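Asks: Can you read through this structure? Questions will come right after.
The values are calculated or read from the model by the stated rules, or taken from the named source; none is laboratory data. Bear in mind that the values here come from a model prediction, so they are computed numbers and not experimental data. A quick note on method: Cβ atoms are made from the backbone with ideal geometry, for glycine too, and the neighbour counts reach across all protein chains shown. Protein only, heavy atoms only, side chains kept; ligands, DNA and RNA dropped before computing areas. Shrake-Rupley method; radii C 1.70, N 1.55, O 1.52, S 1.80 Å.
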Amino acid sequence: MSVHELINPEEEQQVAHEEISDEDLIKLSSSQDQEEEEDGEVMDENPPMSTKEKLNVLHSCISFLDLSNPNHVITHKVLRNIQFEIRTIEKKQTIEKKQTTLDRYFCKEY
């Protein structure tokens, strides 16, 4: 066995890590992004709005309307209906959370 073989064994001559160029990295990352979009795994960047925020946004939209314009009148009605629906849903949720007594369920007079 030669000194060269002792210092540099054949197992160490093999590359342990694959060298990747910048172009290969860009291709890999773009292909992963495309796969995530196809799978629908892309996270929604906007967090859900609270009821109060939704109503405030609708109110500001309504304030921009010119009710002398017929198209704006229709838009106004639609936005007001959306406000009404949001408020109705919020009322139902608060009623469901309202604390009641056991008498309501067990006594006939209540």
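Asks: Being exposed (fewer than 11 other Cβ atoms within 10 Å of the Cβ) and among the aliphatic types (A, V, I, L, M) is the filter here; which residues of region 79-88 pass it?
Replies: Within region 79-88, none qualify.
Okay, residues lined up against (1) farther than 20 Å from Ser50 by Cβ; (2) over 26 Å from the mean Cα position of the chain (by Cα); (3) modelled with pLDDT under 90:
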| residue | (1), (2), (3) |
| --- | --- |
| Pro70 | yes, yes, no |
| Leu79 | no, no, no |
| Ile86 | no, no, no |
| Asp103 | yes, yes, yes |
| Phe106 | yes, yes, yes |
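Asks: Of the conditions (1) open to solvent by 80 Å² or more (accessible area, probe 1.4 Å); (2) at pLDDT below 85, Gly40 fails just one. Which one is it?
Replies: Among (1) open to solvent by 80 Å² or more (accessible area, probe 1.4 Å); (2) at pLDDT below 85, the lone unmet condition for Gly40 is (1).
Asks: Under 9 Å between Cβ atoms, at least 6 apart or on separate chains: pull out the pairs that start in region 58-87 with a residue that is outside any helix (DSSP H, G or I) and end on any residue that is of a type in the set (A, V, I, L, M, F, W, C).
Replies: Leu65/Val73; Leu65/Leu79; Leu67/Val73
Asks: For Ser63, which of the numbered conditions (1) exposed (fewer than 10 other Cβ atoms within 10 Å of the Cβ); (2) modelled with pLDDT under 90 fails to hold?
Replies: Exception for Ser63: condition (2).
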